[in-house]
Amino acid sequence: MTEKPKKKAVLVALRNALEHNPAVVYKGVFIGETIDVIERHDWMCDVLDFDVDGVSLTKIIEILSGYPDLMLLWAEVHHAQLAKQVALLCREVSPDTRIFVFGRGSTFIPRFYSAHPFDYAHVSGDREAAISSVLTHLDGQRQRLAGVRASEVHDPALSGPGEWMEAAKWPYPRLSRLPLEKYSAFTELVHGTNYSKRIAVTVSKGCSWGCAYCGATEQEGASDRRRDVSSILDWIQSTELSCCESLVHLYASDLFADPIWIGQFCDMYRDREMSFGWRGVTTTKTLQDEQLILKAGHSGCKELAIGIEHISRQRNVSVKSSTDEIRSAVVACARAGISLKGLVMLGYPGQTEDDVLYIEELAAGWGMTIRYTGYTPLHRLRSKSNADLSLVELNRFDRRTYFDSEKSSMRSSFFYEKISKNGGYFYPPGGG
Ligand code: SF4
């Protein structure tokens, strides 16, 4: 008896030609986890990562000429035109291929990504649940699509509410299917040879802060959900990392939001005599327990980042905390041997050049390094119709370089000088 041929998916991670994207690990976590979802459905999956695969039009046509049943586009808002170009090409080369979009793009401009030439956009609930429901649907088992908006060519009744999955059911990245050597070479090219090699794994989803410009609360929910500590350590052990060279990025919106979990992680790390280094992004408010920070430092924690966003010289208050709280986090991390980075949004509403200089003075006094991103008002795009969006230069909405010279009192030369001097890169879900 001949076996039924497997269905084929192609997973495409986009990047604009002019984009500076040093965060392959951040993206790698989603790519690796998505491959796992697809292969668990017994589909085949090719991956095309624009950052590392040397993409050309010929390459895309070649992949589409394999007539995949589904193309999944991992897209940001600023990829909109490129995503559309790739989707239109797909319509020509392989008209029966369905096109599904996920990532920050479909969170902030769902109308754009769920209209022709796209078929489906992930808009709510966990993306794994959404992808899984689309695969099941394409396997012929008609069901509501979980948190997916279907374009008008499909039955509107297909679109169902999003689902938040139990953490035990979240996929782990299929490292064997990721181009780790290419990532490593890319990291060396972008950051130099001394930069640590990294892998990333989702340990927690959800953020209660609900910052308007950040998609984390919509994409992951407002409450913190965490994987079981032993399951994560089992997975890390199974990767056979070269511990001396590698860092594991524990992907979370607010890593220290659950102090009991952090304590358990540290205890189990030491009980198992593990030696890998780890890092993550958290908030200043949750990074105040000196004993816990010390314990983390003694249990492999090497680097943390906190979202400062903005501090006004006049008010001496950061967006999310007092400056005293930031200072106490810096002091506690220094005692624990943890390097702490402050994530700052350049061009934050009302921010002046003098505020930025003040933030730099404070950080220098505390011994903390800073990483800038542009304050990017993605949330202002949500309510726009596709007609209105067609008047917006969406390719400017790259969070690493967005600057609005009409609204900001800052000189553009000042903005770009700061952005260009950014140090090593952290990859928070939103601003951090
Ligand atoms: S910016 Fe940071 S704190 Fe705010 S919602 Fe996003 S992840 Fe949470």
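Given the residues ILE293, ILE262, ILE306, which is the only one that is at pLDDT 95 or above, under 18 Å from the mean Cα position of the chain (by Cα), β-branched (Val, Ile, Thr) and not assigned by TED's automatic domain parsing to the domain that holds GLU128?
On the way: ILE293 fails: under 18 Å from the mean Cα position of the chain (by Cα); ILE262 fails: under 18 Å from the mean Cα position of the chain (by Cα).
Answer to the check: ILE306.
Restricting attention to the stretch 122-159 and to residues that are basic (Lys, Arg) and buried (at least 22 other Cβ atoms within 10 Å of the Cβ), the residue that is nearest to ILE99 (Cα to Cα) turns out to be ARG149. Within the stretch 187-238, the residues that satisfy the criterion of being over 29 Å from SER318 (Cβ atoms) and free of Cβ contacts under 8 Å to residues at least 24 places away in the same chain are GLU188, LEU189, GLY192, THR193, ASN194, ASP234, SER238.
Between a residue in the stretch 315-328 that is in contact (Cβ under 8 Å) with a residue 12 or more places away in the chain and any residue that is aromatic (Phe, Trp, Tyr) and surrounded by 14 or more Cβ atoms within 10 Å (Cβ to Cβ), which pairs come within a Cβ distance under 6 Å, given they are 6 or more apart or on different chains? Hits for this filter: ARG327/TRP366.
Of all residues in the stretch 399-432 being surrounded by 19 or more Cβ atoms within 10 Å (Cβ to Cβ) and at pLDDT below 70, which is farthest from the ligand (Cβ to nearest atom)? Per the stated criteria, the residue is TYR425. Here GLU218 passes the criteria (1) over 24 Å from CYS301 (Cβ atoms); (2) assigned to a helix (DSSP H, G or I); (3) more than 16 Å from the ligand (Cβ to nearest atom) except the one numbered (3).
Here the stretch 225-244 is the region considered, the condition is being at pLDDT below 95 and surrounded by 14 or more Cβ atoms within 10 Å (Cβ to Cβ), and the residue that is farthest from the ligand (Cβ to nearest atom) is CYS243. Just one residue in the set THR369, THR373 is at pLDDT below 95 and over 20 Å from SER322 (Cα atoms); that residue is THR373.
Yes or no, residue by residue, for (1) part of a loop (DSSP other than H, G, I, E, B); (2) crowded, with 20+ Cβ neighbours inside 10 Å; (3) within 16 Å of the ligand (Cβ to nearest atom):
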residue	(1), (2), (3)
ILE260	no, no, no
ARG270	no, no, no
GLU273	yes, no, no
VAL281	no, yes, yes
LYS285	no, no, yes
LEU294	no, no, no
LEU304	no, yes, yes
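Residues considered: ASP42, ASP51. Of these, the only one that is among the acidic types (Asp, Glu), surrounded by 20 or more Cβ atoms within 10 Å (Cβ to Cβ) and either at pLDDT below 95 or at positive phi (or both) is ASP51.
Could you look through the stretch 61-93, keep only residues that are without any contact (Cβ under 8 Å) to a residue 40 or more places away in the chain and buried (at least 20 other Cβ atoms within 10 Å of the Cβ), and pick out the one that is farthest from SER124 (Cα to Cα)?
Initial filter on the stretch 61-93 (without any contact (Cβ under 8 Å) to a residue 40 or more places away in the chain): 61-62, 65, 84-85, 87-93.
Right, trim to buried (at least 20 other Cβ atoms within 10 Å of the Cβ) and you get 87, 90.
On the way: ALA87: 22, CYS90: 25 Å.
By that ranking, first place goes to CYS90.
Between a first residue in the stretch 240-257 that is part of a loop (DSSP other than H, G, I, E, B) and a second residue that is within 15 Å of the ligand (Cβ to nearest atom) and at pLDDT below 70, which pairs have beta carbons less than 8 Å apart while being 6 or more apart in sequence or on different chains? From the stretch 240-257, the pairs are SER253/PRO428; SER253/PRO429; SER253/GLY430. Restricting the search to helices (runs of 4 or more DSSP H) fully inside the stretch 69-169 and requiring at least 1 residues that are among the aliphatic types (A, V, I, L, M) gives 80-93, 127-138. Please specify each residue of the stretch 181-207 satisfying the condition of being assigned to a loop (DSSP other than H, G, I, E, B) and buried (at least 20 other Cβ atoms within 10 Å of the Cβ). Within the stretch 181-207, VAL203, GLY206, CYS207 meet the criteria.
The values are calculated or read from the model by the stated rules, or taken from the named source; none is laboratory data. As the structure is a prediction and not an experimental result, all values here were calculated from the model. All Cβ positions, even for glycine, are placed from backbone atoms using ideal geometry, and neighbour counts span all protein chains on display.
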